[in-house]
Each structure stands twice: as C-alpha cells, then as structure tokens.
Amino acid sequence: MPPASQSRAIKAAALVGSGLASYARTRRAKEATILTFHGLCESAGDPGILDWSLHLPVAVFRSVCAMLAADYRVIPLADLVEARLHHKSLPDNSVIITFDDGYASNFELAYPILKKFNLPASIFVTTAFLDGEDIMWFQRVDLALGRTRKKQLDWKVNGNKLCLRLGTREQRQESLVCLMAEMKELHDTDLLGEVDRLEQALEVATPPLADLPAPMRPLTWDMACDMIYSGLIEIGGHTHTHPILSSCDSLAMRAEITTCRDRIRAETGDLPISFAYPNGGADDYTRESMLMVREAGFKCACTTISGRVDQHASMFQLPRYGSPESVWEAEATVSGAFETLKEWRQSCLKAMSLI
Ligand SMILES: [Zn+2]
C-alpha cells in the first residue's frame, strides 16, 4: 500500500475505532453519500497493469458491501432523482453505489456480491468500450508504458519536455503519473494522435480487446442487460469514447453524449437517466456539458468532486467520493466522519487565527 493510502487507512481506522464515525452517522443522517468504484480484481499486483487504483480487490469490496448492508440504506440513484423531483426526503444514512467505465469485473466480481446483499448500483458505461470498437485511451497509455522494451524516452507533450524513465516497474509507474497529468490537459482532437505517436515511439502496438489483462476488459452488452433484468443495476452514460468533456469542442461534446445515450438505448431498450463526467473533476466538464447532458434527457450527472449530497446539491453536479481502499475508509466516508473532522479542523484554525 502506498504511504498516502496507508496514512489514510490509519486515520480512517482511528475515526471508526474512536466512535467519531458512529457520532457522525447519527448527526449527519440526512445527508446522502455517493461512492465511486471502477473495476474489481481478484488481487492487485498483476505486472501487466501499472495503475491499479482503478481495480479494487474484491475482498475489500465484499467487506464494504457487508458494512453498508448492515448499517446504511443503499438506494438506487433513481430514488435520489425521484426524491428531488417530488420534494421528498431520502431514508436516513442513504448511500448510492456507482461504477465508472464499464469493466467486465462489474459483472463477474461485483454483481454476485451486490445480489448477495441485495444492494442496487449504477454502472456508467463508455459505450465504444462495450461495443468493442476501441480500448480506452488511458488503458493504451498504461499498457504502452508497461509493455515497451525501451528503458527511457525523452518526450515532449503539451509543450513540456518529460524524461520518461522506464527501467523498473516503479519508474514506469512514476512516468505514467507524470505523463497522464500532461495528457489530460490536451485538446480532445490531439489526444488520440498523441497516444498513437507514443505507441510508435515506444514500439508497441495497440492491444486488441482479447489481449487486455483481465481487470481491464469491458462488460459485454449481454452482461449489462443481464444485470438490468435483475432490477438491481442501472446502466448510465459515461460518453462514447471517454474524452475529458471540457477539452472537446461543442460538436464533439454533443456527439459523445448523444451517441452514448443512443447506444445504451439501442442495446438495453432503456433510455438512461444518469450520467457521469469522465475524470469528473471541476475542470473536466463545463456549463455547456451540463446543459447538453440535460438536453439529451439525462436526469442527473455525477462528478468526482468529494462531498455529501444534501438538499442544495445540484442534480447535474452531484458530488461523489472516490473508491475507499478499506472498510474503515468506507465507514469514515459514508458516516461523514471525514467531513466532521475537516469541519472541526477548520473551526480550530479559525479560532486560533482570532487569538
Ligand atoms: Zn471513467
């Protein structure tokens, strides 16, 4: 576990063990929490993948679900939409489970656990990924850096010169973090060309879907339909090819949102009601993106901006917490303990500045 994750896990365990999570759970019962997951894996560490942050070990997910089923009310995202439309309140301690991108592991590993605990969830799918047209651009970057035989690459991207060190696995992971930060700044029309150029420079080919490491594989539409029929799972939109919407021009942005909606409707028979912005940070979507998502018929859209859902939350900018890495972190998050601690810290600092 990286040092930052370790200290977060220790802080979370202290918040739960000290009783603060239980206090916050009662005090903040009216606020809802939305959790973001991506894929799951049997166990992290396959050398075929550099960035494991998108693939949570299934054992952690199982313990998070057991905790949520015992102490919280896990509701479908549609219930939040309905409650807002009809000015109704949600059950106390409501939690919404979401997954981004549309990985096969959502069906193979997460779905059996969700069924066991009878927990609903929303899966936001990148439709070209499910169509088998293309793997997602950030997967190509991960695999190119992981599979190349080169030991170093001097690379100019976004006007910046990077020295990508590729001698060891750790160096490749560090290079991936630097490179991804730059690539996320590129304009949408330059992004895929940049990935092509990178693969050529690293002398690796774009892997076909069949050659993807298991955690990176997409859901099939049959898997998606199977889950919808259970009544537990909702399929929402996450664009067609996973660009960062703020880097798209209006035409491309609209096409990404409406093609995604149309592919979901064509394959599942249902018009999707929920959407999640790719990457989801405050700079990753615009007011125009929000309007287009609404015009396309979606009833809500999720960000990845941390926060709790209260009656003031905008339905097209719903806050979501990132994937918890342990059951303590999940409990410290959904109870509101992390937020309570943050508020106490801020009022302490304010009081100290007044002294
Ligand atoms: Zn995504």
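The values are calculated or read from the model by the stated rules, or taken from the named source; none is laboratory data. None of these values were measured; they are calculated from a predicted model. Every residue, glycine as well, gets a Cβ built from its backbone with ideal geometry; the counts of neighbours run over all protein chains shown. For the accessible areas, the whole protein counts, side chains as well, though only heavy atoms, and no ligand, DNA or RNA atoms are used. Shrake-Rupley method; radii C 1.70, N 1.55, O 1.52, S 1.80 Å.
Evaluate the following for Pro57: is it under 18 Å from the mean Cα position of the chain (by Cα), modelled with pLDDT of 95 or more and open to solvent by 10 Å² or more (accessible area, probe 1.4 Å)? It is false that Pro57 is under 18 Å from the mean Cα position of the chain (by Cα), modelled with pLDDT of 95 or more and open to solvent by 10 Å² or more (accessible area, probe 1.4 Å). Of the residues making up the stretch 249-282, those that are within 15 Å of the ligand (Cβ to nearest atom) and under 24 Å from Met183 (Cα atoms) are Glu256, Ile257, Cys260, Phe275, Ala276, Tyr277, Pro278, Asn279, Gly280, Gly281. So, in the stretch 157-187, exactly how many residues are of a type in the set (Asp, Glu) and within 14 Å of Leu198 (Cβ to Cβ)? The total comes to 1.
Note on the stretch 91-114: residues that are buried (at least 21 other Cβ atoms within 10 Å of the Cβ) and more than 23 Å from Ile228 (Cβ to Cβ) amount to 1.
Yes or no, residue by residue, for (1) open to solvent by 40 Å² or more (accessible area, probe 1.4 Å); (2) among the small types (Gly, Ala, Ser):
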site	(1), (2)
Ala255	yes, yes
Thr259	yes, no
Arg265	yes, no
Gly269	yes, yes
Tyr277	no, no
Met292	no, no
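Whenever a residue of the stretch 137-165 is touching a residue at least 24 places away in the same chain (Cβ under 8 Å) and crowded, with 19+ Cβ neighbours inside 10 Å, its partners that are part of a loop (DSSP other than H, G, I, E, B) and among the hydroxyl-bearing types (Ser, Thr, Tyr), lying with C-beta atoms within less than 7 angstrom and at least six residues away or across chains, give the pairs Arg140/Thr206. Please specify each residue of the stretch 247-288 satisfying the condition of being at pLDDT below 95 and part of a helix (DSSP H, G or I). Scanning the stretch 247-288 gives a single hit, Ser247.
Here's the yes/no breakdown for (1) open to solvent by 50 Å² or more (accessible area, probe 1.4 Å); (2) in contact (Cβ under 8 Å) with a residue 24 or more places away in the chain; (3) of a type in the set (Lys, Arg):
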residue: Gln317; (1), (2), (3): yes, yes, no
residue: Ser326; (1), (2), (3): no, yes, no
residue: Ala330; (1), (2), (3): no, yes, no
residue: Ser347; (1), (2), (3): yes, no, no
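Residue under question is Val177, and the condition is that it be closer than 18 Å to Ile49 by Cα, assigned to a helix (DSSP H, G or I) and away from the ligand (no atom under 16 Å from the Cβ); does it hold? When the stated conditions are applied, Val177 passes them. In the stretch 50-159, counting only strands (runs of 3 or more DSSP E) that sit wholly within it, the ones holding 1 or more residues that are in the same structural domain as Trp221 (by TED's automatic domain parsing) and in contact with a strand residue (DSSP E or B) (Cβ under 8 Å, 6 or more places away or on another chain) span 55-57, 94-101, 121-125.
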